[in-house]
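The values are calculated or read from the model by the stated rules, or taken from the named source; none is laboratory data. Here the structure is a predicted model, which is why all the values come from computation and not from measurement. For accessibility, only protein heavy atoms count, side chains too; no ligands or nucleic acids. Shrake-Rupley method; radii C 1.70, N 1.55, O 1.52, S 1.80 Å.
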Amino acid sequence: MLFNVRITNFEVFLYQLLDMEVAMWCTYLERPDEEIMHFGILVPPKLNNPAVIHLFGQEYLDKKKQNLMLNKSYCKFCHVGEASPEVQKEIEQKGYYILELGHCNFKPK
């Protein structure tokens, strides 16, 4: 052994924090005003069950009280990327994070 290196639990935690990857599921939905709502559902990469991802998206829509239904055909895996500490914390708490990308805030008539 050339190097005698001991890594502490804290260092392991820091490496996981810096290297955490998330899978992004791109989601599109037509609103009643005909604008296209676009958001990403970020989850751990090993979570690849579309039904579960769909439930997360519907939960997000329900919390916004917009009375919209998510169509599974418009919620698809897009890519894997790095997560910020804020995103990682929310994923650890809820299992997912919503990244609002376009036309996500409106008031229904």
Sulfur and carbon atoms: percent of accessible area, region 56-109 [1.4 Å] | 51 percent
Roll a 1.4 Å probe over the protein heavy atoms and report the accessible area of residue 26 in Å², nearest 10.
-> 20 Å²
In what order, largest first, do 98, 53 sit by accessible area if the probe radius is 1.4 Å?
-> 98, 53
Note down the accessible area of residue 54, probe 1.4 Å, to the nearest 10 Å².
-> 30 Å²
